[in-house]
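The structure appears right after this line, and notes come after that.
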Amino acid sequence: QVTVTVEPSLQVAPYACQRRTPLDHPHPALVMALETLAEAALFEGEEARGLAFTRAASVLRCLPRALRGTHELSGLPGIGGHSHRVLQEVLEDGVCAEVEAVKQSERYQTMKLFTQIFGVGVRTADRWYREGLRSLGDLQSHGTRLTREQQAGVECFEDLAVPVGRAEAEGLACLVLDAAARLLPNASVTLAGGFRRGKPHGHDVDLLLSHPEEGREVGLLGPLVAWLEEQGLLLYQHSQHSSYTTTAEPSSSCGPLDRFERCFTILRLVLPATGTGVRAWRAVRLDLVVVPHSQLPFALLGWTGSRHFERELRRFARHKREMVLNSHGLYNMQQGTFLPASSEEEIFQHLGLDYIPPTLRNA
Ligand code: GTP
Ligand code: MN
Ligand code: MN
């Protein structure tokens with residue numbers, strides 16, 4: 001008997017939503033190098049350049065086996081000249097000089113620090129940098145004006161820099177479910193975001209609230225947030241009313257933002273009992289999103305991520321299917337109709353895509 005070992009082929013489909021991307025992949029160093037450059041490009045407001053590096057990194061994330069050499073890069077889609085040079089350098093020397101220089105630079109380090117603050121985006125971070133600010137201490141000593149959100153972000157900075165564990169996220173989901181079900185029997189709570197993709201840690205907890213009867217979810221968020229407040233669990237909250245209307249033109253170009261009623265919070269996560277003198281809680285970011293039942297599959301798909309997977313789904317829908325996908329629905333532009341779905345699987349079917357389960361959406 002002859003045994004033939006077939007190496008997994010490195011054929012990669014052009015859109016990330018056509019690919020299966022697990023959490024673990026064979027090239028952490030290469031991906032890290034490209035994603036650092038992507039991040040640095042975004043810090044300079046260079047979206048297109050950032051996206052090019054993100055695309056290249058995402059292609060490496062889906063490889064079923066390690067590259068056997070630089071020659072195998074040429075068969076892959078989405079690896080531009082610059083990315084190719086970076087990958088070649090890391091494959092040959094272990095590090096890329098450009099990436100190391102970026103990581104060491106004051107600009108990159110400061111922008112990374114400032115954008116890590118809850119409520120601070122690239123533009124604010126850049127303004128502070130140009131004003132000469134370099135540290136959290138500088139914000140205070142210069143009397144920098146902060147929004148209420150940023151103020152909370154600075155106060156909780158160290159806590160929020162600690163990753164949230166899966167058990168902690170599930171504990172918070174249970175806490176919210178118990179409270180929601182008391183206020184509204186049969187209310188549902190779904191843990192979305194990175195945890196649904198199988199990540200063991202996250203920077204926050206993303207929860208979708210709904211109810212099997214359409215419309216019953218309306219009015220749930222206010223009392224739920226009030227209950228958290230009464231329990232002394234709420235360190236910060238910022239609510240947004242639903243701005244969804246069926247007459248509004250469907251759009252996927254306005255980025256990942258949707259129009260659900262939602263609440264961005266910082267919560268006091270109660271920690272297991274420890275010795276005396278040790279603080280018994282830690283601040284954690286929690287996002288609550290209220291979703292009508294009929295939109296739940298779309299919201300689930302939209303809030304599970306990854307960000308790049310979402311971007312690619314929308315790009316595929318628009319360019320390959322003339323459809324508009326967002327977290328509320330799927331719109332067929334030729335027919336001028338919305339395509340309903342009762343599961344994520346059905347949305348992939350409408351798009352003519354093989355179903356990709358959440359744990360393989362780590363693009
Ligand atoms: P970690 O929290 O760092 O583990 O990563 P994550 O993948 O959970 O990221 P994040 O919490 O930022 O977002 C979760 C998913 O929800 C991502 O895929 C985002 O694209 C999506 N998302 C975040 N904010 C919004 C929003 O305002 N509207 C919509 N529709 N999606 C959002
Ligand atoms: Mn998240
Ligand atoms: Mn989030």
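The values are calculated or read from the model by the stated rules, or taken from the named source; none is laboratory data. What you are looking at is a predicted structure, and each value in this text was computed from that prediction instead of being measured. Because the Cβ atoms are built from the backbone with ideal geometry, glycine has one as well, and the counts that use them run over all protein chains shown. What goes into the accessible areas is simple: the full protein's heavy atoms, side chains included, and nothing from ligands, DNA or RNA. Shrake-Rupley method; radii C 1.70, N 1.55, O 1.52, S 1.80 Å.
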Those residues that are of a type in the set (A, V, I, L, M, F, W, C), more than 23 Å from E39 (Cβ to Cβ) and in contact (Cβ under 8 Å) with a residue 60 or more places away in the chain, I need them from the range 114-154; list them, please. A152
Of A173, A192, A161, A152, the only residue that is closer than 22 Å to L113 by Cα and within 16 Å of ligand 2 (Cβ to nearest atom) is A161
Would you please list the contacts, defined by Cβ atoms under 8 Å and residues six or more apart or on different chains, that run from a residue in the range 38-54 that is closer than 13 Å to K112 by Cβ to a residue that is of a type in the set (V, I, T)? A38/T54; A40/V102; L42/V122; F43/T115; F43/V122
Test: G153 is open to solvent by less than 40 Å² (accessible area, probe 1.4 Å), not hydrophobic (A, V, I, L, M, F, W, C) and not in a helix (DSSP H, G or I): no
Can you tell me which residues in the range 310-330 are within 7 Å of ligand 1 (Cβ to nearest atom) and of a type in the set (F, W, Y)? none
Note on P77: of the conditions (1) touching a helix residue (DSSP H, G or I) at 6+ places or on another chain (Cβ under 8 Å); (2) surrounded by 14 or more Cβ atoms within 10 Å (Cβ to Cβ); (3) modelled with pLDDT of 95 or more, unmet is (2)
What are the pairs, 6+ residues apart or on separate chains, where a residue within the range 201-214 that is more than 16 Å from ligand 2 (Cβ to nearest atom) has its Cβ under 7 Å from a residue that is in a strand (DSSP E or B)? S210/S188; H211/S188
Of the residues that make up the range 49-59, is at least one exposed (fewer than 14 other Cβ atoms within 10 Å of the Cβ) and either of a type in the set (G, A, S) or within 29 Å of Q109 (Cα to Cα) (or both)? no
Do we find that Q231 is among the polar types (S, T, N, Q) and within 26 Å of H308 (Cβ to Cβ) in this structure? no
Quick check on the range 278-286. Is at least one of its residues in contact with a Gly (Cβ under 7 Å, 6 or more places away or on another chain), under 30 Å from L235 (Cβ atoms) and not basic (K, R)? no
Restricting attention to the range 82-112, which residues are within 21 Å of H308 (Cα to Cα) and either of a type outside the set (G, A, S) or surrounded by fewer than 17 Cβ atoms within 10 Å (Cβ to Cβ) (or both)? H82, H84, V86, L87, K112
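Looking at the range 172-202, which of its residues are within 16 Å of ligand 1 (Cβ to nearest atom) and either surrounded by fewer than 16 Cβ atoms within 10 Å (Cβ to Cβ) or within 17 Å of V290 (Cβ to Cβ) (or both)? Steps first, please.
Just the residues of the range 172-202 that are within 16 Å of ligand 1 (Cβ to nearest atom), to begin with: 172-173, 176, 189-202.
Residues satisfying the conditions are L172, A173, V176, V189, T190, L191, A192, G193, P200, H201.
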I want to confirm something. Restricting to the range 271-300 and keeping residues that are of a type in the set (V, I, T) and loosely packed, with under 15 Cβ neighbours inside 10 Å, which single residue is nearest to A167 (Cα to Cα)? T274
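Give the number of residues within the range 86-139 that are over 23 Å from H238 (Cα atoms), assigned to a helix (DSSP H, G or I) and not β-branched (V, I, T). Don't jump to the end; show me each part of the working.
Narrowing the range 86-139 to residues over 23 Å from H238 (Cα atoms): 86-112, 126-135, 137-138.
Next cut, assigned to a helix (DSSP H, G or I) only: 86-93, 97-104, 106-112, 126-130, 137-138.
So of that shortlist, the ones also not β-branched (V, I, T) come out as 87-89, 91-93, 97-98, 100-101, 103-104, 106-109, 111-112, 126-130, 137-138.
Qualifying residue count, the range 86-139: 25.
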In the range 314-350, anything open to solvent by 70 Å² or more (accessible area, probe 1.4 Å) and among the acidic types (D, E) is listed as E322, E345
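Tell me, which residue of the range 203-220 that is away from ligand 3 (no atom under 16 Å from the Cβ) and open to solvent by less than 30 Å² (accessible area, probe 1.4 Å) is nearest to I356 (Cα to Cα)? Spell out how you get there, then give the answer.
We begin by selecting, within the range 203-220, every residue away from ligand 3 (no atom under 16 Å from the Cβ); these are 210-220.
Adding the requirement that they be open to solvent by less than 30 Å² (accessible area, probe 1.4 Å) leaves 210-211, 217, 220.
Working: S210: 23, H211: 25, E217: 28, L220: 32 Å.
By that ranking, first place goes to S210.
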